[in-house]
Amino acid sequence: MLTATGNAAAARGVGSYDREVQAELVRQLYRQVPGSMVANIVVAGILSYALWNIVPRGTLLAWLTVVVVVVVLRLAQAHAFLRRDIPPERMPFWARTSALGSSLIGLIWVLASLLFLDPKRPISLIAVTVIVMGISAGSVVNLASYLPSFLVVVGPAMLALIGVLLWHGDAITYTIALLSAVASIAYVVGARNVHRLLVGSLQLGFENVALRRDAEGKTALLEATLQNMRQGITLTDREGRLRTWNPQFAQLLGIARTAPTEGALLDASIAECEPPLELGGVSNVEYRRTDGTVVEIAQNAMPDGGRVTTYTDISELKRRESALELARRNAEQANAAKTRFLAAASHDLRQPIHALGLLIATLSDRVRNESTASILGQIDTAVDAIDFMLNSLLDISKLDAGVMQPQFAPVDLGALLEQLNTEYQPVASITGNSLTIRAAALYVRSDASMLHRILANLISNALRYTVDGRVLVGVRRRGEAIRLDVCDSGPGIPPESLDDIFLEFHQLGNPERDRRKGLGLGLAIVKRLAALLGHPIEVQSTLGRGSRFSLTVPLAVAGVSAVAAEVEPAWLGPTLRGQRVLVLDDDTAVLDAMRGLLERWGCDVATCTTPEEAEAQFASFGVPQLVIVDYRLRRNASGIETIGRLQQRSGRRVPALVITGDTAPDRLREAQRSGYPLLHKPVKPPQLHMVMRQILQASSPQ
């Protein structure tokens, strides 16, 4: 609520009180009427006295009567306004009414100029001119709150004066007319400035009132909040003296019996805590009272040197944390014990199982009758099942113990999916399913063997639980990553079991524990491997319609990816024709093959076997559009370092592509850190063509 109130107040800036300002301007306009009417009567009397013996007295008395009538009407109008509480929406009407009354004042001074101004009589010229200009000057202050009222007085009065002066047409009247015109302009400018000043002052006044009310509301709200919040709070000045606090502060520290006083030192107030408490300059501290209550104390400095300190009872939280910590340690110990047991059991059982397998093979060679052949086959199948279970248990143990660490490197996803297709098509035929794996010419960053294991387990699981259905493996691009989907048309997974399927030995639809349906370890291994690789895995399933397991894997080279749909026979198009390409490799057979391939694509090719030859080629061949280098050259020369020297020689960044057959993890990491696109030998021509095209398109001016 504090924030909402503050924002509401801040949102009301200049111009937010137009209605209130306009209403107040009209009120000021009417409050000025009595004084200005008195001034008009006095000035009219002075003018009559000055002209009593100069102009016809009848005319003068008639004009003076009109003045009195107009003044009475204006006073009645002001009285009618001031005795009422006029709502703001009625103010425009009263403003127009005031302008109408002011026009009558302007009319009487127009008549004064027309009836009494005679340049041949100096007293008439002086009296009328001075009085009309004086009335106009006074209107700047009295009528500036509503400019139309000002204009209907000053405009006609000054125009009539100037007109009469010009009508008589001598040098003196022309001069006075000119001065009157200048004065008229000054009056208008002055009235406009006074009006703006009034508007600004009123606006500021309303804003100050609103801010004061808002501040009072915030103060009351803050006070109520402090008194009712569960936390304790203190506010101290730069000298550490208490300025604001709430009762909870004393209660939480156990010093409620000696209530703090304003201006007292905070350190002195908390000195009575048991055990003693010293805050000093520590930002956060946990204070444990003798009765076991734990209070978290947090100090925050303010710009003026003071401090805001909060006190929170975290006793229950600490008890829960202790219980959770104990449970975590027990779980870790149990998990470690399970891992040690599984690893030991796997190791100890492998020896007799291995011996059993050898004995069965020996026995099979000696026993030839058909009656025992089937029994031996069943024994061999049982041994295979035990061996598979032990391998799965060993994998679980390694993953839990953190022994298995991924070796991240670019992985040829297309080749991996083709390999999986070859492996599992026979399994699909046995289970009566249709297996479709849509390969894609992409490189992803992962561990090849772990990624293969994840996908193999997902495909095997889909084929095992799908009967006479379809299993589809697809690839979808997601920005700088791809999503691998393994979809099946099997029975589906109940929503309440979606999390349980990743637990060890948990199987759906296999209460009899038929080992032909697996051991319930495949998805557990998948979950652990995906977490180890940092590849998010998701499951979506509909009962009776099938399931989809999705694995998100990052692309290996940002901006350089190979999508199967793009690698079509049209990749041998004219996009590389005329491009100058420099190829650096220490294998002459590779250079010959690259030259032939690139020249067939229309490239202008230069080849070299050493960095020195490459630098010489820059002089004779010219700066190429693309440099293709082998990562490791003769005499342990680095292709990446050679690229740097070539770019330094050319004075600009030349697009480059690194090709390597090295699989050492440290070298692969170095190649990845270089920032250059990286391909691994053997490189397929469509893939090379597409990557070259993307690099050249990215480096060409847009």
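Quick one: ranking Leu179, Leu598, Leu75 by accessible area, 1.4 Å probe, largest first, what do you get? Each step should come with its number before you reach the end.
Details: Leu179 110, Leu598 0, Leu75 75 Å².
The residues order as Leu179, Leu75, Leu598, largest area first.
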_Cut-off 19 Å, label point 7 angstrom out along Cα-to-Cβ of Ile314: give me the residues of segment 205-246 whose amide nitrogen falls inside._
230-234
*Estimate the FRET efficiency between Ala224 and Arg478 by the formula 1/(1 + (r/R0)^6), using the beta-carbon distance for r and 41 Å for R0, to the nearest 0.05.*
0.20
*Would you mind listing how long segment 162-314 runs along its three principal axes, going by Cα atoms, in whole Å with the largest first?*
106, 27, 23
_Need one value: the accessible area of Glu613 in square angstrom, 1.4 angstrom probe, rounded to the nearest 10._
80 Å²
*Hey, any idea what Rg/Rh is for segment 423-497, computing Rh the Kirkwood way over Cα pairs?*
1.00
*Would you mind checking the radius of gyration and Dmax of segment 160-232 based on alpha-carbon positions, in Å?*
28.4, 90
*Roughly how many nanometres apart are two label points built 7 Å out from the Cα toward the Cβ at Tyr174 and Arg84?*
5.3 nm
_Pair Ser449, Gln540: separation of 7 Å Cα→Cβ label points (nm)_ = 3.4 nm
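Taking 10 °C and 1.306 mPa s as the conditions, I'd like the Stokes-Einstein D for segment 114-185 in µm²/s, using the Kirkwood hydrodynamic radius from alpha carbon pairs. Intermediate values should be presented prior to the final figure.
Details: Rh = 12.4 Å.
Answer, rounded: 128 µm²/s.
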*asked:* Along its three principal axes, how long is segment 263-336 when you only count alpha carbons? Whole Å, largest extent first please.
replied: 57, 30, 16
*Under a plain spin-label model, where a point goes 7 Å from the Cα along Cα-to-Cβ, how far apart in nm are Glu332 and Lys684?*
4.7 nm
*Could you order Tyr174, Tyr465 by accessible surface area, starting with the largest, using a probe radius of 1.4 Å?*
Tyr174, Tyr465
*Find how much the distance from Thr290 to Arg577 grows on full extension, using 0.36 nm per residue of separation minus their present alpha carbon separation; answer in nm with one decimal.*
94.8 nm
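How high is the FRET efficiency between Val141 and Glu216 when r is their beta carbon distance and R₀ equals 35 Å, given to the nearest 0.05? It would help to have the intermediate numbers written out before the result.
Details: r = 35 Å, r/R0 = 1.00.
Once the sixth-power term is evaluated, E becomes 0.50.
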*For Asp214, what accessible area in Å² do you get when you roll a 1.4 Å probe over the heavy atoms of the protein chains, rounding to the nearest 10?*
30 Å²
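Hey, got the dipole for segment 580-662? About the Cα centre, +1 on K and R Cβ, -1 on D and E Cβ, debye to the nearest 20?
Working: 10 positive and 12 negative charges, 69 e Å.
Value, rounded to 20: 340 debye.
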*Roughly how many Å² of Arg96 are accessible to a 1.4 Å probe, to the nearest 10?*
140 Å²
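The values are calculated or read from the model by the stated rules, or taken from the named source; none is laboratory data. For clarity, every value in this text was computed on a predicted model and none was experimentally measured. Note that we place each Cβ from the backbone using ideal geometry, even for glycine, and neighbour counts take in every protein chain shown. Accessible surface is based on the protein model in full, side chains and every heavy atom, while ligands, DNA and RNA are left aside. Shrake-Rupley method; radii C 1.70, N 1.55, O 1.52, S 1.80 Å.
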